[in-house]
Structures are given as C-alpha cells and as structure tokens.
1. Sort out which residues of segment 262-295 are touching a Leu at 6+ places or on another chain (Cβ under 7 Å) and assigned to a loop (DSSP other than H, G, I, E, B), and write them in order of number.
2. For segment 277-295, which positions are crowded, with 16+ Cβ neighbours inside 10 Å and among the polar types (S, T, N, Q)?
3. Hey, among the residues in segment 260-276 that are of a type in the set (A, V, I, L, M) and more than 19 Å from I191 (Cβ to Cβ), which one's surrounded by the fewest Cβ atoms within 10 Å (Cβ to Cβ)?
4. Restricting the search to segment 99-137, which residues are open to solvent by less than 20 Å² (accessible area, probe 1.4 Å) and assigned to a strand (DSSP E or B)?
5. Take I40 and decide whether it is open to solvent by 20 Å² or more (accessible area, probe 1.4 Å), under 27 Å from G174 (Cβ atoms), at pLDDT 95 or above and not in a helix (DSSP H, G or I).
6. Just to be sure I understand the filter: pairs with C-beta atoms under 6 Å, separated by 6 or more residues or on different chains, first member in segment 187-198 and on the phi > 0 side of the Ramachandran plot, second member of a type in the set (S, T, Y). Which pairs pass?
7. Here is a check on your reading of the model: is M140 over 25 Å from V273 (Cβ atoms), touching a helix residue (DSSP H, G or I) at 6+ places or on another chain (Cβ under 9 Å) and either assigned to a strand (DSSP E or B) or of a type in the set (S, T, Y) (or both)?
Amino acid sequence: MVATVTEKRRITPRKQAERRERPKTREELMIDSLSPIMTIMVRAVRKAGRRMLRDFGEVSSLQVSRKGPGDFVTNADMMAEKTLIEQLSTDKPDFGFITEESERIEPKNGCSYYWIIDPIDGTTNFLHAVPCFSISVAVMDKDEVIAGVSFNPVTNELYYAEKGRGSFLMTPTGNVRLRVSGRNDLSCSLIGSNGYNSTKNRQVIEKVIKKVASVRYNGSTTMALASVAAGQYDAYIATRFKLWDIATGYLLIREAGGFISNFKGERELMKIVDSQELITCNMPLKETFLDLINS
C-alpha cells in the first residue's frame with residue numbers, strides 16, 4: 001500500500017489593512033458627512049441617548065411602584081450630563097460649559113466657545129414615562145449660538161442646525177430640510193406654549209386662545225421649538241425658561257426661516273433670556289402675533 005501524505009496548509013493571518021471592515025450604516029454615513037463640530041455633537045447626544053433609552057424603560061416600570069421614579073430620574077439626568085461633559089471635553093478640551101445641573105465652567109486658553117447642555121429637556125414628561133423630551137446641546141460663541149442638536153432617543157428624532165447651513169431632521173432614510181409653516185391666517189393656526197407657569201404667560205394665552213385654532217402644551221420647550229421649525233406648530237409662546245431650554249430651538253427656527261423674539265420684538269438670544277419672554281412664528285404671522293400679544 002502507498003501511504004497517503006496529508007499536506008498541512010499554512011494559514012497566514014491577513015494584515016490589518018487587508019481585513020474587511022463592517023460596512024457603515026446609513027446613519028453613520030450621514031453623521032460622517034456633517035461638519036466636524038456637528039459630528040462631535042451628534043455622536044455625544046447619541047451616546048448619552050443609549051443610556052437614557054434604557055433609563056426610560058426603567059421609569060416606565062417604576063410607575064407602578066410605591067416609591068415612584070423621582071430619585072431614579074434625577075440620577076438619569078445627572079448621568080446624561082456627565083456623559084455629555086466627558087465626551088465633549090475629550091473632543092474640545094478648551095470649550096467652557098453652561099449646564100442645567102453643574103456649575104458654569106469657563107473656556108480655557110483664550111477660547112470663546114461654550115457648550116450649552118440640557119440633559120433632559122422635558123423632565124416631568126420623562127418622570128411620567130411620556131416620550132416627549134430631548135437631550136439638547138448647543139455651541140455658543142460669546143452670545144451667539146452657532147450650532148445646536150436636539151435628540152429624542154425614544155422616537156429617534158434628531159434635529160440639528162448650524163449657522164448659515166439650515167435646519168434639518170435626521171431620519172433613517174436621510175436628512176430632511178426644515179421650513180416653518182406658510183400659514184398666514186391666525187384663526188387657522190396651531191399654537192404651542194409652555195403652559196400657565198406665570199401670570200404673564202397666562203394673560204398672553206388667554207388673549208391668543210380666542211383667536212387661534214388651538215393651543216398645545218407638550219412639556220418640552222426644545223421639542224416644541226423644533227415643531228415650529230418643522231412647520232407643525234405655527235407659533236409658540238413661553239415665559240420662565242433658561243438659556244439651555246431655548247438655545248438649540250432658537251437656532252433651529254432662525255435657520256428654518258422663522259421669526260423668534262421677546263414680546264418687544266427684540267431678536268437677540270440673550271435679550272430673550274433676560275426678558276423671560278419668547279414668541280416665535282413664521283414671517284407672515286409676525287406682525288399679527290406681536291400686535292395680539294401686546295394689545
């Protein structure tokens with residue numbers, strides 16, 4: 001008999017460069033196509049959103065417990081802010097921070113930029129497992145907002161805007177350009193508000209509600225302002241808010257072709273914050289809306 005010789009084949013490992021990489025998802029390709037600063041922001045809010053999505057599921061189950069979800073939501077808020085600060089500091093170590101939960105951090109090495117962070121805009125909604133809230137991050141150069149992102153991890157809605165580049169909604173199939181509504185009849189308009197949280201706001205709403213189709217309170221200022229930018233709300237009224245509540249929405253609306261000011265018509269962001277008055281609408285409704293509020 002002839003012996004059979006078994007030849008052992010030597011398997012040579014592929015070099016690192018030759019290994020096949022996982023194809024990027026459509027979402028990853030969309031993020032890569034953004035400007036460098038916007039890419040940093042979108043990646044940061046999505047990272048914080050993954051943890052928050054798990055926390056939201058826990059909140060839903062805690063609704064039936066006697067203790068309730070209050071302490072849990074506070075921790076979720078702080079953890080989201082911690083994630084955002086760590087991620088953004090890694091990418092831009094010289095930027096300062098203005099946040100809801102932490103003390104103000106000044107920029108370093110002559111930098112003039114601040115990150116404006118609201119880890120959960122719509123905390124009461126989150127507390128009650130209502131899926132209308134957002135993680136909001138904006139960049140401010142001195143007193144001017146130059147970029148902003150608002151992300152709802154439950155609905156996967158990501159709104160973003162950059163000064164001079166427009167406002168967009170990132171969807172699984174592509175980016176949708178945002179435009180404010182074109183409605184010019186106040187009686188057919190849908191108006192948003194942050195509710196009866198002050199005497200001033202109550203007085204304004206009582207004037208407006210008689211002249212419009214309906215008024216809505218959604219519990220999240222950033223998401224409501226995004227709805228104006230997207231043409232879903234025709235206008236929005238607010239009093240008693242902080243810079244981080246409106247910074248992203250302010251830019252979304254301006255880049256979507258809308259009008260935003262305080263009740264006097266002053267359009268600078270810090271004047272709106274200082275006055276604690278905000279109105280926004282499309283351009284056709286601007287004069288009618290201002291006249292009605294100040295009547």
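The values are calculated or read from the model by the stated rules, or taken from the named source; none is laboratory data. Only a predicted model underlies this, so the values are computations on that prediction, with no experimental measurement involved. Note that we place each Cβ from the backbone using ideal geometry, even for glycine, and neighbour counts take in every protein chain shown. Heavy atoms of the whole protein, side chains included, go into the accessibility calculation; ligands, DNA and RNA do not. Shrake-Rupley method; radii C 1.70, N 1.55, O 1.52, S 1.80 Å.
1. Listed by number, the residues that qualify are N262, G265.
2. T280, N282, T288 - these are the residues of segment 277-295 that are crowded, with 16+ Cβ neighbours inside 10 Å and among the polar types (S, T, N, Q).
3. Going through the qualifying residues, I end up with M270.
4. T99, W115, I116, I117, D118, P119, I120, D121, S134, I135, S136, V137
5. Taking the combined requirement at face value, the residue does not satisfy it.
6. Pairs found: G195/Y217.
7. Criteria not met by M140.
Listed here are the residues, each with its yes/no results for (1) at pLDDT 95 or above; (2) among the acidic types (D, E).
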| residue | (1), (2) |
| --- | --- |
| G57 | no, no |
| Q63 | no, no |
| G68 | no, no |
| D71 | no, yes |
| M79 | no, no |
| I98 | yes, no |
